[in-house]
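Read-outs: derived from the displayed coordinates by stated rules, not from any lab. These numbers come from a predicted model, not from an experiment. As a convention, Cβ positions derive from the backbone with ideal geometry for all residues, glycine included, and neighbour counts pool all protein chains shown.
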Number of protein chains: 2
Amino acid sequence: MPDPRVRALFFDVFGTLFDWRTSLIASLSAFGERTGTTCDWEALVDAWRGAYVPSMARVRAGEIAWRNLDALHAESLDDLAERFGLALGSEERAWLVRRWHALDPWPDVAAGLAHLREGYLLSTLSNGSVALLVALARRADVRFDTILCAESFRHYKPDPETYLGAAALLGCEPHEAMLVAAHNDDLHAAAALGFRTAFVARPTEYGPLQNKDFVADAGIDIAVTDLIELAAVLARG
Amino acid sequence: MPDPRVRALFFDVFGTLFDWRTSLIASLSAFGERTGTTCDWEALVDAWRGAYVPSMARVRAGEIAWRNLDALHAESLDDLAERFGLALGSEERAWLVRRWHALDPWPDVAAGLAHLREGYLLSTLSNGSVALLVALARRADVRFDTILCAESFRHYKPDPETYLGAAALLGCEPHEAMLVAAHNDDLHAAAALGFRTAFVARPTEYGPLQNKDFVADAGIDIAVTDLIELAAVLARG
């Protein structure tokens with residue numbers, strides 16, 4: 001029996017559902033081979049992801065106006081192109097930014113979400129843009145009941161507007177909503193607002209750079225190794 | 001070949017995809033039998049739908065603060081309960097309002113949407129609430145790429161924010177978006193903003209009260225009798 005108190009599961013996406021690092025290193029390396037561009041693509045991908053939190057922090061602090069993650073990715077890439085000595089035309093730049101729309105899911109995701117959807121409403125709750133999340137879901141052939149994200153509320157996580165707005169749009173009180181994420185910080189922010197929380201371990205998300213989020217912190221409701229296990233744990237009630 | 005200029009199809013929902021009138025008359029009549037409540041349920045349903053446009057007009061004019069369609073449906077029902085002499089408890093009231101979350105689709109909808117999704121991004125673009133639209137899609141087992149609606153933008157159609165906001169969230173220019181609707185007024189509002197337009201005839205939507213929208217007005221791009229035909233017309237390009 002599904003937990004009767006939880007009605008909707010909200011999923012973090014980058015890292016939790018999709019293996020951005022392996023996917024981007026592969027597609028950028030292929031770009032390098034195709035175009036004869038030499039670069040340390042692995043380092044570029046790590047630096048691009050490294051720019052993610054600081055770029056959103058500027059929006060969250062009101063330092064720059066609201067813009068979606070595709071715009072932030074494009075701006076970060078401009079800085080990195082300079083640092084890595086890449087000369088990118090505008091079409092190449094747009095193509096590279098869109099590689100974030102073409103990530104591969106972890107192997108358990110399609111089956112896990114299909115199982116979870118039998119008992120719960122499912123939505124994304126990501127800092128990605130709506131168009132990006134729609135593209136990822138379509139490419140991986142996974143089914144959410146709707147796509148909600150930072151762009152839906154013009155607030156990046158961990159701003160409370162995003163968590164509370166998402167629960168409200170699905171007609172849930174916070175305690176009827178569960179955030180599923182591979183990142184303790186995200187789960188703590190949701191828990192502080194009354195959400196229930198599930199940690200999914202993705203210990204290779206950051207490759208050799210991973211230095212945290214190997215296990216769930218104290219206070220997280222459920223800790224699992226993948227979505228198949230999450231479905232089993234929730235089914236036990 | 002799908003029309004290369006259109007990338008996303010946006011669907012009006014009440015009347016265009018779901019037969020609200022037949023569904024509500026059936027569920028309210030069953031409620032009457034179960035509870036021993038006598039009422040002209042057909043007249044009540046028609047009056048409830050009759051309150052729809054005026055109730056949104058008060059929000060659109062700024063006369064009352066933003067509230068979603070579930071709230072407007074509940075307020076309209078209170079007026080009608082008085083007019084029809086119904087004494088409703090708060091649970092019955094909530095149950096009746098939720099009948100709008102349990103409508104049946106027209107018979108072509110599931111197959112038509114599945115076919116259309118092969119070539120296009122699909123989203124709702126309705127005045128219904130997110131929770132309502134999620135419930136309708138789930139119950140009918142139809143798959144949209146996302147759920148967008150008045151509540152996403154806190155503007156009811158035909159406010160331009162709703163059409164333009166929806167296209168932008170899917171990364172489309174207005175001319176890359178097509179509104180599919182059974183109502184000429186909705187299609188004219190979208191066309192004025194640059195959307196392409198498809199009229200689907202639903203001549204029994206309002207039952208004996210139907211007095212318009214039997215055929216597409218001049219200027220609508222495509223006119224069809226159901227979504228199967230729409231998929232065929234778009235496939236011809």
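Here are the numbers for this structure:
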read-out	value
Rg followed by Dmax, in Å, when the protein assembly as shown is reduced to its Cα trace	23.7, 79
Region B:1-130: Rg to Rh, with Rh as the Kirkwood radius over Cα pairs	1.05
Length added when fully stretched, A:Glu82-A:Asp141, from 0.36 nm per residue minus Cα-Cα	17.6 nm
Residues whose placed amide H lies under 5 Å from that of B:Ala223, excluding near-sequence neighbours	B:Phe199
Cα gyration tensor category, rounded, prolate or oblate, for region A:101-170 with a/c compared to 1.5	oblate
Span per principal axis, largest first, for the Cα atoms of region A:87-127 (Å)	49, 20, 11
Cβ-Cβ FRET estimate between A:Asp185 and B:Glu161, R0 fixed at 30 Å, reported to 0.05	0.35
Calculated log₁₀ intensity ratio I(q)/I(0) where the Debye formula runs over C-alpha points of chain A, q = 0.12, 0.14, 0.15, 0.18 Å⁻¹	-0.66, -0.89, -1.02, -1.42
For chain A: relative contact order, % (alpha-carbon pairs under 8 angstrom, 6 or more apart)	27
Spin-label pair A:Thr204/B:Val215, simplified geometry with 7 Å Cα→Cβ offset, distance in nm	6.3
Ranked list, fewest to most other Cβ atoms within 10 Å of each Cβ, for B:Phe153, A:Phe84, A:Phe14	A:Phe84, B:Phe153, A:Phe14
FRET efficiency estimate (nearest 0.05) - Cβ-Cβ, A:Glu173 to A:Asp40, R0 30 angstrom	0.05
Derived scalar couplings ³J(HN,Hα) [region A:163-177; Karplus, 6.51 cos²θ - 1.76 cosθ + 1.60; whole Hz; x for Gly, Pro]	5, 5, x, 5, 4, 4, 5, 8, x, 10, 6, x, 6, 8, 10
Using alpha carbons only: equivalent-ellipsoid semi-axes of region A:124-237, gyration tensor based, whole Å	21, 18, 16
Efficiency of FRET from Cβ geometry, B:Thr225 and B:Ala26, R₀ 22 Å, rounded to 0.05	0.40
³J(HN,Hα), Karplus 6.51/-1.76/1.60, whole Hz, each residue of region B:122-138, x for Gly, Pro	10, 9, 6, 8, 10, 8, x, 7, 4, 4, 4, 5, 4, 5, 4, 5, 5
Linear extension gain, B:Ala74 paired with B:Ala232, 0.36 nm per residue minus alpha-carbon span	52.9 nm
Alpha-carbon centroid distance for the pair region A:199-213 / region B:88-152, whole angstrom	38
Within 10 Å of each Cβ in A:143-152, the average number of Cβ atoms from other chains	6
Directionally averaged projected area (convex hull, Cα atoms, region B:1-65), nm²	7.8
Footprinting exposure proxy for A:Trp20, B:Trp66 (fewest neighbouring C-beta atoms within 10 Å first)	B:Trp66, A:Trp20
Footprinting exposure proxy for B:Asp185, B:Asp145, A:Asp108 (fewest neighbouring C-beta atoms within 10 Å first)	B:Asp185, A:Asp108, B:Asp145
Mean ellipticity per residue at 222 nm, deg cm²/dmol - from DSSP H runs of n ≥ 4 across the protein assembly as shown, formula -39500 (n - 2.57)	-14000 deg cm²/dmol
At 7 Å out from Cα toward Cβ: A:Asp78 inter-copy label distances (nm, ascending)	5.2
Cβ-placed point charges (K, R +1; D, E -1), dipole of region A:162-219 about Cα centre in debye, nearest 20	80
